[in-house]
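Before I ask anything, here is the structure I am working with.
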Amino acid sequence: VEAAIPEPQREVWTKHQFEGFKSKDEFEKEVVRHVETTLARSMFNCDETAAYSATSLALRDRLIKEWNKTQQRQTFADSKRVYYLSLEFLMGRALDNAMLNIGAKTTAKEGLDELGFRIEDIIGQEHDAALGNGGLGRLAACFLDSLASLNYPAWGYGLRYRYGIFKQEIIDGYQVEVPDYWLDFNPWEFPRHDVTVDIQFYGNVRKAQDENGKTIAHWEGGEIVTAVAFDVPIPGYDTPSTNNLRLWSSKASGGEFDFQKFNNGDYESSVAEQQRAETISAVLYPNDNLERGKELRLKQQYFWVAASLYDIVRRFKKTKRAWSEFPDQIAIQLNDTHPTLAIVELQRILLDVEGLEWDEAWKIVTSTFGYTNHTVLPEALEKWPVGLVQHLLPRHLQIIYDINLFFLQLVEKKFPNDRDMLRRVSIIEESQPKMVRMAFLAVVGSHKVNGVAELHSDLIQTTIFKDFVTIFGADKFTNVTNGITPRRWLHQANPRLSELIASKVGSYDFLKDLTLLNKLEEFVDDKAFRKEWAEIKYANKVRLAKYIKSTTGVTVNPSSLFDVQVKRIHEYKRQQLNIFGVIARYLKLKGMSPEEKKKQLPRVSIFGGKAAPGYWMAKQIIHLVNSVGAVVNKDPEIGDLLKVIFLEDYNVSKAEMITPASDLSEHISTAGTEASGTSNMKFVLNGGLIIGTCDGANIEITREIGQENIFLFGTLSEDVEDLRHAHTYGTHSVDAGLEKVFSAIQSGTFGDSQDFNAMVSAVRDHSDYYLVSDDFQSYLDTQQMVDDEYRNQDEWVSKCIRSVARMGFFSSDRCINEYAEGIWNVEPLAV
Ligand code: KOT
């Protein structure tokens, strides 16, 4: 508003408004213009990288206009906005998604064709935006797609890491991490050098009386780091709505480096401060479901949270509304506990900067925030040493203590004389050293707490937050089962299947209302349809087989059953159960006569996923998979009957190729440990069946698609505790079949057995915490059922079609609508 062009000159502006390309011809013209001007190249110097850059720039120009208009519309409407705070946004590639969402892919394809390029090759040039570890980060990305597609006024806030999740190389069967420098050329971000926030760290607190005798806290001294905004447009599907993802980058406050020091010849320390500042947003922590309590991580969290809140409050203050209206205008969702300091920061702003009273401020704070819990694993629950918080954020620690005091007073009033209750629920854990329990702080500071699948939401209410249900009542807790965006995970990843579905259900409307897939059931018996369905799956497998050949050198037969487990490597996800099962299959095949072997079903076991660099056991699992592959894949007695593949550097764009090519995928966590899982949904939506435990969203998938269409096995979550107890205190004997697998490993069948001692020992000598042995036989039996059922391809394809038809529930659109109605109280903004 401050820099608006005066009324009389606006006509000229309107006349020259940039529209972006509207036809194939105009698209080509824009690409050529960008190659020749923006990139300063020519037709004699235009490789695929340049063509990618120019194509993205041409597309981006189209996005910008709608993006600006959407932001103006939202500001003008002054309606309630959602802010999604997440330390991770696992976006993957943007070009293909942008083309599909704005409906420009056909134009671009034909244009690129005439310019001498294949669109797939151009799409393939793009570097993944990999600012996340796995499910939690990808969920945030799916949510952004749904929020924009459903026309919700919503922004994402995150960190602009210079290095995303590392690239994984497999060298001699071991994981090697390589830095992921992805910002060389990123046409999808817009630096806003004018949008900056100075963020304070360290220092101390002085309390003083103001003119009315009220005590005001002043946070003074310490150091300042500047946050610079980088904005990324998020186009909705088949709507002009284009939302904003704002990522903060850190730099030294007050310019490049210390001139005084520089002029004094102290070059080294003049740049040291700059480097320290830039370190904050330098790298994504590569841990999934694990918190390691590093000071830099806490700095990242506060830096990002403080910049975002300053931005949100600044925007609110422009509307000149009363503070009491803050929660009517703003909903902030905390993606796990990583942004929990936002609760404390908003309370600090309202108290210390805006001068509100505690109760008034706290009411605003708690009505604004919602908290999503994604895990019950104890090692993933964030706790920060009180001393560290005191040092880095002295004022925040005082406020945390006050929040805790008032909270414990409330508990004491409701449950007098229950000392143990106070100890259990205190935000401060009275340990050595004392710790701030971030999940408890998030629960106390939010008006709603949700889990991400039914079982998980029940579990948090009966385990980690049990006391809080008693204190606040069950209404504070709710479930929002995760979902995935069908635009990326069906239409973009599997265009042929999407087209076939559209031809049957009548239109592409199912991409906006996924429940329309149910119409597919009418065609289950349609011969031609089934044939085409099977052909598409086969073609997707052929493509993956080619990729496997080119990256690993191993030839796999696309007619084999493709069995896929791709996700972060973690003991609770039990890739070890899978590979032990593969070994059992191998040993069984080795013991068969040639006649018996002929009757066996060929299978390709495909693994993929990264291990956190410090997670030694996860790295051993990767090594075992690769070692088994090295032996099995060149065993002439086995041939096509079994291949074992480890795909390097699993990421979003690889998932888009792998998911459509699976016949069977594995979701086999120890019951009660996988909060939801989301790849399970992606695989079923792409016409694959799944083998899984009764865990996370597998349970709801079963309910939706029917238990005859899923291969469930293993211990139920309610029995896990007793089994673990029995392992530790009773006698614990390992499954006989699993012992044979261990013998093979230990006799050196797959290389130096020393390497795998820890994995074997975790089951045999330590208490088999993840119940690998308990579930082993039922896993093998269920895999045998898979083999048997796969032979009947007619029946198998029917199951796949019926499952896809019943997957409507798992759209992230449904999920976002549930958040909007049950937690945020926001409505879409008409366009
Ligand atoms: C926890 C700490 C650091 C980094 C990541 C996590 C994390 C990730 N906690 N839960 N997740 C996964 O979130 C997904 C989305 O809700 C779930 O589908 C999945 O089961 C969680 O493991």
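Counting only residues that are surrounded by fewer than 23 Cβ atoms within 10 Å (Cβ to Cβ) and hydrophobic (A, V, I, L, M, F, W, C), which one in the range 584-605 is farthest from Phe683 (Cα to Cα)?
The residue in question is Met592.
If you scan the range 583-638, which residues turn out to be over 21 Å from Ala758 (Cα atoms) and in a helix (DSSP H, G or I)?
Across the range 583-638, the qualifying residues are Arg585, Tyr586, Leu587, Lys588, Leu589, Lys590, Pro594, Glu595, Glu596, Lys597, Lys598, Val632.
Oh, and also: What number of residues within the range 130-147 satisfy the criterion of being more than 9 Å from the ligand (Cβ to nearest atom) and surrounded by fewer than 24 Cβ atoms within 10 Å (Cβ to Cβ)?
The number of residues fulfilling the criteria is 0.
Where in the range 329-437 are there strands (runs of 3 or more DSSP E), lying fully within it, with 3 or more residues that are within 30 Å of Tyr152 (Cα to Cα)?
On the way: elements: 330-335, 369-372, 383-385, 435-437.
Answer list for the range 329-437: 330-335, 369-372.
Mind listing whichever residues of the range 660-687 are buried (at least 24 other Cβ atoms within 10 Å of the Cβ), more than 15 Å from the ligand (Cβ to nearest atom) and not hydrophobic (A, V, I, L, M, F, W, C)?
Pro660, Ser662, Asn686, Gly687
Those residues that are surrounded by fewer than 23 Cβ atoms within 10 Å (Cβ to Cβ), more than 12 Å from the ligand (Cβ to nearest atom) and more than 19 Å from Gly387 (Cα to Cα), I need them from the range 281-308; list them, please.
Once the filter is applied, which keeps residues that are surrounded by fewer than 23 Cβ atoms within 10 Å (Cβ to Cβ), more than 12 Å from the ligand (Cβ to nearest atom) and more than 19 Å from Gly387 (Cα to Cα), the range 281-308 yields Ala282, Val283.
Give me the residue from the range 261-280 that is at pLDDT below 95 and in contact with a Phe, Trp or Tyr (Cβ under 6 Å, 6 or more places away or on another chain) and, out of that set, nearest to the ligand (Cβ to nearest atom).
Looking at residues that are at pLDDT below 95 and in contact with a Phe, Trp or Tyr (Cβ under 6 Å, 6 or more places away or on another chain), I get Gln274.
Among the residues of the range 503-556, write down those that are farther than 20 Å from Trp796 by Cβ, small (Gly, Ala, Ser) and assigned to a helix (DSSP H, G or I).
Answer for the range 503-556, where residues must be farther than 20 Å from Trp796 by Cβ, small (Gly, Ala, Ser) and assigned to a helix (DSSP H, G or I): Ser503, Ser550.
Still on this structure, I have one more. What number of residues in the range 786-824 are under 30 Å from Ile332 (Cα atoms), in contact (Cβ under 8 Å) with a residue 24 or more places away in the chain and exposed (fewer than 15 other Cβ atoms within 10 Å of the Cβ)?
1
Would you call Asp238 under 28 Å from Gln390 (Cα atoms), touching a residue at least 40 places away in the same chain (Cβ under 8 Å) and charged (D, E, K, R)?
Criteria not met by Asp238.
I would also like to ask the following. For the range 185-195, does any single residue satisfy the condition of being under 30 Å from His127 (Cα atoms), in contact (Cβ under 8 Å) with a residue 24 or more places away in the chain and among the acidic types (Asp, Glu)?
There is at least one residue in the range 185-195 that is under 30 Å from His127 (Cα atoms), in contact (Cβ under 8 Å) with a residue 24 or more places away in the chain and among the acidic types (Asp, Glu).
Which pairs have Cβ atoms under 6 Å, sit 6 or more apart or on different chains, and link a residue in the range 255-280 that is more than 21 Å from Gln300 (Cα to Cα) to one that is hydrophobic (A, V, I, L, M, F, W, C) and at pLDDT below 75?
Close Cβ pairs satisfying both conditions: Ser270/Phe257; Ser270/Phe262.
Something else now. Take the residues in the range 196-238 that are assigned to a strand (DSSP E or B) and of a type in the set (Phe, Trp, Tyr), then tell me which one is surrounded by the most Cβ atoms within 10 Å (Cβ to Cβ).
Per the stated criteria, the residue is Phe230.
Can you tell me how many residues in the range 358-372 are touching a Leu at 6+ places or on another chain (Cβ under 8 Å) and without any contact (Cβ under 8 Å) to a residue 40 or more places away in the chain?
Going through the range 358-372 one residue at a time, the tally reaches 2.
The values are calculated or read from the model by the stated rules, or taken from the named source; none is laboratory data. Keep in mind that this is a model prediction, so the values were computed, not measured. Positions of Cβ are generated from backbone atoms using ideal geometry, with glycine treated the same way; all protein chains shown enter the neighbour counts.
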